[in-house]
1. Here are some conditions: (1) free of Cβ contacts under 8 Å to residues at least 60 places away in the same chain; (2) open to solvent by less than 70 Å² (accessible area, probe 1.4 Å); (3) closer than 23 Å to LYS335 by Cα. LEU15 meets all but one. Which one does it not meet?
2. Cβ-Cβ distance below 6 Å, separation of 6 or more or different chains: which pairs start in segment 259-287 with a residue that is closer than 22 Å to ILE166 by Cβ and end on one that is part of a loop (DSSP other than H, G, I, E, B)?
3. Considering only segment 262-346, give the strands (runs of 3 or more DSSP E) lying wholly within it that have at least 1 residues that are of a type in the set (Gly, Ala, Ser) and surrounded by 14 or more Cβ atoms within 10 Å (Cβ to Cβ).
4. For segment 92-103, what are the residues that are in contact with a helix residue (DSSP H, G or I) (Cβ under 9 Å, 6 or more places away or on another chain) and touching a residue at least 60 places away in the same chain (Cβ under 8 Å)?
5. With respect to CYS95, is the statement that it is surrounded by fewer than 19 Cβ atoms within 10 Å (Cβ to Cβ) and at pLDDT 95 or above true?
6. With respect to TYR327, determine if the residue is touching a strand residue (DSSP E or B) at 6+ places or on another chain (Cβ under 6 Å) and modelled with pLDDT of 95 or more.
7. When you check VAL23 against the structure, is it open to solvent by less than 40 Å² (accessible area, probe 1.4 Å), assigned to a strand (DSSP E or B) and either of a type in the set (S, T, N, Q) or in contact with a strand residue (DSSP E or B) (Cβ under 8 Å, 6 or more places away or on another chain) (or both), yes or no?
8. Give just the number: which of (1) modelled with pLDDT of 95 or more; (2) out of contact with any Pro (no Cβ under 6 Å at 6 or more places or on another chain) does ALA267 not satisfy?
Amino acid sequence: MEALNFTLKNKRLELEQVPIPKVTEKDQVLIKVAYAGICGTDLHIIEGEFPCNPNKTFTLGHEFAGTVVEIGADVNIFKKGDKVAVDPNSGCFCCDHCHVGNPHFCNNGGINNTIGIFQNGGWANYALAPVHQVYKVPDYITLEQAALLEPLSCLTHGWDVISPVIIGQKILITGAGIIGNLWVCNLHLHGHRNVTVSEPNRKRLEMLKKLNTGYKLLTPDELKKNQEADPNYLFDLVIDCSGYAPAIEHAVSLLAKGGKLCIFGVASPHADIKIKPFDVYFKELKIFGVLINPFSFPKSIGLIEAMGDRYLNYENLGIKTFSLKDYKEAIALLKTGTIAKAIFKM
């Protein structure tokens, strides 16, 4: 089979022919991958800016869906031919974090053992996953849509973290890549209309217009001009989807009293921002981080059902499909912002 393999030591990403993995454990599920997404985190990994398996070459891809082709002896909830998606994250089930319901903080599991980051993932024709990380995809959800379940599961965790978000509040989204676009869809679905999106790449802003939300679409320079012209140009909630430190730092100055900042995008581990403690005190600001997707995969299935084709249209979201052999083109288009997301179609 074909697999896109990555080696951290020399930052080598290469399409290779490898054997189809075999079910060797009683709890394993072998999946024929149909669609696998390229995440912004994958780009950081390829550039050496995000932790991944340092010890061996592995197959990238932590967002994928497909059909079951083989199951281990103890697997009784799936059968061959079932449509499934994979939650790439799991705790160790033994530590204090896991015992109190926070597997995303687990030092052995969580982000430290993710399928597609530390174990072989879905940028291949076939992939293995433990049964407890596999979810059946309902008939009313297509495998194309199911490729978005993992990023949407992170979003649903973020929604829980920042809730309540009151209708009528002024909301700013910084960054209009796929995560920013999915936040746009989620806010519009929930009835929010007073939303502004800031994005430096005008191609991405043009893509966002296809969603027909009526939201204000601005560049960061336009955002700053509005702020300079009106000292009351402030927001109750800022959701950063850029992972860009200067954008996050600027967002703090745009928060109204009692405002919330949600740091959703993944910044470089070496990035710094300056925040005045007095502003946090005087405005009673609240800053939230969002780490992956604990227990939120079922919620993302419900969210996809609610969004449907109205929001999850690939063209409107700026999503383009590629074959594995065209991975260089896909990555290049993502880096230039010509598309919001690339998904491999097997």
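1. Evaluating LEU15 over (1) free of Cβ contacts under 8 Å to residues at least 60 places away in the same chain; (2) open to solvent by less than 70 Å² (accessible area, probe 1.4 Å); (3) closer than 23 Å to LYS335 by Cα leaves (1) as the failure.
2. The qualifying pairs are GLY259/LEU285; PHE264/CYS241; PHE264/VAL290.
3. Result: 341-345.
4. The answer is ASN102, PRO103.
5. yes
6. Yes.
7. So VAL23 does not fit the description; no.
8. ALA267 satisfies all of (1) modelled with pLDDT of 95 or more; (2) out of contact with any Pro (no Cβ under 6 Å at 6 or more places or on another chain) except (1).
The values are calculated or read from the model by the stated rules, or taken from the named source; none is laboratory data. If you're wondering where the values come from, they're calculated on a predicted model, not measured in any experiment. Here the Cβ is made from the backbone with ideal geometry for all residues, glycine too, and neighbour counts use every protein chain on show. Heads up: the accessible areas ignore ligands, DNA and RNA and are worked out on the full protein's heavy atoms, side chains in. Shrake-Rupley method; radii C 1.70, N 1.55, O 1.52, S 1.80 Å.
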